[in-house]
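Rule-based calculations on the coordinates, nothing more; no lab input. Only a predicted model underlies this, so the values are computations on that prediction, with no experimental measurement involved. Cβ atoms come from the backbone with ideal geometry, glycine included; neighbour counts cover every protein chain shown.
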Amino acid sequence: ETGVTQSPTHLIKTRGQQVTLRCSSQSGHNTVSWYQQALGQGPQFIFQYYREEENGRGNFPPRFSGLQFPNYSSELNVNALELDDSALYLCASSQYNEQFFGPGTRLTVL
Amino acid sequence: QQQVKQSPQSLIVQKGGISIINCAYENTAFDYFPWYQQFPGKGPALLIAIRPDVSEKKEGRFTISFNKSAKQFSLHIMDSQPGDSATYFCAASTGTSGTYKYIFGTGTRLKVLA
């Protein structure tokens, strides 16, 4: 186990709703990255937070937003959910170049 | 230029055989290349990683071979076991300090037959 935890494990929402996913980083790690993994695909980079500031963003619309807190835990918020947002959402914490992933949150949008 | 191409998409190997997964990249700024193993319903787990100043790295049954001029790298799993059956992802990254950003390949589903 990596020590990275995510909640909730599973979530079902309907189109148009909003969702907040949470991630607790591994002790001593000041960077959290969020990824979207569609079924049968590799993880796609959403954005990264370093010392509470956004530090890079992938090709995702502004309705995907995030926060990092002083204890380096993080939230991913998605507004106006669409069917295509159904995926496994992964967070990874890192101190240097090695990223350690949590178990993910499985989001289903109906 | 940001893509990482991974092949094959799926692989079936007999127990005790060698599994080989290949990846290729374009961006020469990439300077860290990890491999992850993912079981169904779990997050990816870091297996082994390499930097471009090294041509090969071995950890137990897992070996990365790196060809900087060809911009290719591969994972070799020696003496493959049924417990190795999982999806494997290569990644490439660049960055400084704690701010490396990863680009992942599309994954290889490995099945090792008993």
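A few points about this structure:
- Over all pairs of different C-alpha atoms in region A:62-110, the reciprocal of the mean inverse distance, the Kirkwood hydrodynamic radius, equals 12.4 Å.
- Toward the positive end of the charge dipole of chain A, with +1 on the Cβ of Lys and Arg and -1 on the Cβ of Asp and Glu, the farthest Cα among A:Gly3, A:Leu76, A:Phe100 is that of A:Leu76.
- The protection proxy used here, the mean number of other Cβ atoms lying within 10 Å of each residue, ranks peptides B:32-40, B:59-67 as follows, highest first: B:32-40, B:59-67.
- Cα extents for chain B along the principal axes, largest to smallest and rounded to whole angstrom: 42, 29, 23.
- Taking other residues whose beta carbon is less than 13 angstrom from the beta carbon of A:Asn71, and scoring Lys, Arg as +1 and Asp, Glu as -1, yields 0.
- Mean separation of Cα contacts under 8 Å (6+ apart) over length of chain B, as relative contact order %: 37 percent
- In this simple spin-label approximation, A:Leu67 and A:Arg106 carry label points 7 Å from Cα along the Cα→Cβ vector, and these lie 2.8 nm apart.
- Per-pair calculated FRET efficiency, R0 = 45 Å: A:Glu53 and B:Ala114 via Cβ, rounded to 0.05: 0.35
- Cβ-Cβ distance of B:Glu59 and A:Ser7, R₀ of 35 Å, FRET efficiency by 1/(1 + (r/R0)^6): the value works out to about 0.65.
- Inter-chain neighbour count for B:35-43: the average number of beta-carbon atoms from partner chains within 10 Å of each residue's beta-carbon is 4.
- Stokes-Einstein D (µm²/s) once Rh is taken as the Kirkwood radius of the protein assembly as shown over alpha-carbon pairs, at 10 °C in 1.306 mPa s: 89 µm²/s
- Paramagnetic reach from A:Thr20 in region A:66-109 [backbone N under 11 Å; point 7 Å along Cα→Cβ]: A:67, A:75-78
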